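Below: the structure, in C-alpha cells.
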C-alpha cells in the first residue's frame, strides 16, 4: 500500500515538472526585466530603461546568453528623475541568469 502511494506521488511530481517545463516557461520580455530591475535600488524608482546588447564572442558558442543593460532613474516623478544605478542582466534559456550592478552609463 505504501509503495503504491510513493509511486503515485513520484508520477504526480514528474508530471508536474514536465508540464511546468512545457507550458509554464514563458520567454523573458523587456517589460519583465524592467520590473525586476526596478526592485533593486532602495530609492523611489521613477522608471527603468533596458536595451538588449549584442556581445560578439571569441569562438562559436552553441547558446550564448542575451545581454541587457538597464539604466534606472530615481526621483519623486519622471520630471524630477536623476540617474540611478545601472545593471547588466544575462538571460539564457528564457530565464534571468544574473543581474549585477555596473558603472553608470
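The values are calculated or read from the model by the stated rules, or taken from the named source; none is laboratory data. Because the structure is a prediction, the values reported are computed rather than measured. With ideal geometry, Cβ positions are generated from the backbone for all residues, glycine too; neighbour counts draw on all protein chains shown.
Computed values, structure above
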item	result
Matching residues in the range 35-48 - criterion: being surrounded by fewer than 13 Cβ atoms within 10 Å (Cβ to Cβ) and either at pLDDT 90 or above or in contact with a helix residue (DSSP H, G or I) (Cβ under 7 Å, 6 or more places away or on another chain) (or both)	35
Residue satisfying all of: in the range 49-105; touching a residue at least 40 places away in the same chain (Cβ under 8 Å), touching a strand residue (DSSP E or B) at 6+ places or on another chain (Cβ under 7 Å) and under 14 Å from residue 32 (Cα atoms); surrounded by the most Cβ atoms within 10 Å (Cβ to Cβ) among these	89
Yes/no for residue 69 being modelled with pLDDT under 85 and not in a loop (DSSP other than H, G, I, E, B)	no
